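The values are calculated or read from the model by the stated rules, or taken from the named source; none is laboratory data. What you see is a predicted model; the values in this text were computed from it and never measured. Here the Cβ is made from the backbone with ideal geometry for all residues, glycine too, and neighbour counts use every protein chain on show.
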């Protein structure tokens, strides 16, 4: 079934060269986030040739153009038709901060007034042309309620659309064409360059629970007509939605990361409650399927994310259990120092404990890295995507009240 909306006819709005940051025409079809196949269907639906989809995709993602009047290889009649019926609108930026270490954070307001956050982390050398990794959100809040994650305490509001997901990448690229205090209205499209080199679906939400918009967005990230990122530079992180892991393996070749955080079922049931539905045996089987059984020459390893919690999951015994659990699964293990948040029930493991844990994994033959915390001065580190600008969920309000009640006892 096609996801393309039927265009609604209305009087064309006055066109300008500025980027629309607010959906001024709710009835218009937002082309941002549509795959090439979806755009081809859209153009067929308005009586145009499907090849127009390639032209428009290149304008949007390779040149950053959102004003149809600037798409000069389209006929005047088509530009008028698009101006009347369609738009290219990224989510509205309501807050942004740039860290001293080069990290950038945006808070977006999406349809309905909900807020999501996106973080861009440059490589340690902070070179202009160095690696720049964008951590993208896929949902407003998260339904999985991992016990150590501040985002999970917001509860879940809704899935993001493909336009809202891709819009985060679009804005991050546009930010390099403006000064820190400039609005995106001042983007010089003649200087447009896609500066983001890596994308990780590791922001707010569980990507595999918003499957179709996430996959559509990643298709555009990989498309040579759009962002043209390498499949090794686009990573999807999941807490273990096993059926969707099998589906993803058949549909798209991107890097896979697993938010593991515990080496046995008893502990993981506590830290990552989805483990009760899809325990470690099933999760590891799905990971091996992703690496070995589908396109094995391309999917070389799985990244294992493991947040280090003092006295909870960081002992030598836990490290040895992790070695046994992973077995022959090609894995790169990323140890993540815990970032405390108000009323968290956990503490960060000491540096000595983290390094001792890492040494056991390395001696067993695994590639093991310790994530450097970045963007602390703007609350952009992992686990801090909690929407501190505003928190509008009922569940979060109830959680905060329960904390207050306990403190009053």
message: Quick check on region 341-349. Is at least one of its residues part of a strand (DSSP E or B), in contact (Cβ under 8 Å) with a residue 40 or more places away in the chain and more than 24 Å from the chain's Cα centre (by Cα)?
response: yes
- request: Working only within region 133-169, note down all residues that are outside any loop (DSSP other than H, G, I, E, B) and either more than 14 Å from the chain's Cα centre (by Cα) or not assigned by TED's automatic domain parsing to the domain that holds residue 204 (or both).
  value: 152, 153, 154, 156, 157, 158
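Would you check if there is a residue in region 215-223 being part of a helix (DSSP H, G or I) and over 22 Å from residue 160 (Cα atoms)?
So in region 215-223, the residues part of a helix (DSSP H, G or I) come out as 215-222.
Filter once more, so that each one left must be over 22 Å from residue 160 (Cα atoms): none.
No, that holds for no residue.
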statement: Given (1) more than 30 Å from residue 271 (Cα to Cα); (2) surrounded by fewer than 20 Cβ atoms within 10 Å (Cβ to Cβ); (3) over 20 Å from the mean Cα position of the chain (by Cα), residue 111 misses just (3)
field: residue 352 vs. criteria surrounded by fewer than 18 Cβ atoms within 10 Å (Cβ to Cβ), assigned to a loop (DSSP other than H, G, I, E, B) and either out of contact with any strand residue (DSSP E or B) (no Cβ under 7 Å at 6 or more places or on another chain) or modelled with pLDDT of 75 or more (or both)
entry: no
- prompt: Name the residues in region 310-339 that are within 13 Å of residue 148 (Cβ to Cβ) and in contact with a strand residue (DSSP E or B) (Cβ under 8 Å, 6 or more places away or on another chain), would you?
  reply: 310, 313, 314, 336, 337, 338, 339
- prompt: In region 207-249, what residues are touching a helix residue (DSSP H, G or I) at 6+ places or on another chain (Cβ under 7 Å), farther than 25 Å from residue 144 by Cα and surrounded by fewer than 20 Cβ atoms within 10 Å (Cβ to Cβ)?
  reply: 222, 223, 225, 231
task: Inspect region 80-89 for any residue being touching a helix residue (DSSP H, G or I) at 6+ places or on another chain (Cβ under 7 Å), more than 30 Å from residue 150 (Cα to Cα) and surrounded by fewer than 21 Cβ atoms within 10 Å (Cβ to Cβ) and give the result as yes or no.
output: yes
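With in contact with a helix residue (DSSP H, G or I) (Cβ under 6 Å, 6 or more places away or on another chain) and either in contact (Cβ under 8 Å) with a residue 40 or more places away in the chain or not assigned by TED's automatic domain parsing to the domain that holds residue 163 (or both) as the only criterion, which of 103, 118, 72, 111 stands out?
None of the other options fit; the residue is 118.
State whether the residues of region 46-54 include one that is under 30 Å from residue 120 (Cα atoms), outside the structural domain of residue 132 (by TED's automatic domain parsing) and surrounded by fewer than 20 Cβ atoms within 10 Å (Cβ to Cβ).
yes
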- request: For region 361-382, indicate whether the set of residues that are under 18 Å from residue 272 (Cβ atoms), modelled with pLDDT of 95 or more, in contact with a helix residue (DSSP H, G or I) (Cβ under 9 Å, 6 or more places away or on another chain) and in a strand (DSSP E or B) is non-empty.
  value: no
- request: Select from region 270-301 the residues that are modelled with pLDDT of 90 or more, outside any helix (DSSP H, G or I) and touching a helix residue (DSSP H, G or I) at 6+ places or on another chain (Cβ under 6 Å) and list them in ascending order.
  value: 278, 279
- line: Note: among 229, 267, 248, 209, just one is in the same structural domain as residue 149 (by TED's automatic domain parsing), within 14 Å of the chain's Cα centre (by Cα) and either modelled with pLDDT of 95 or more or not in a loop (DSSP other than H, G, I, E, B) (or both), namely 209
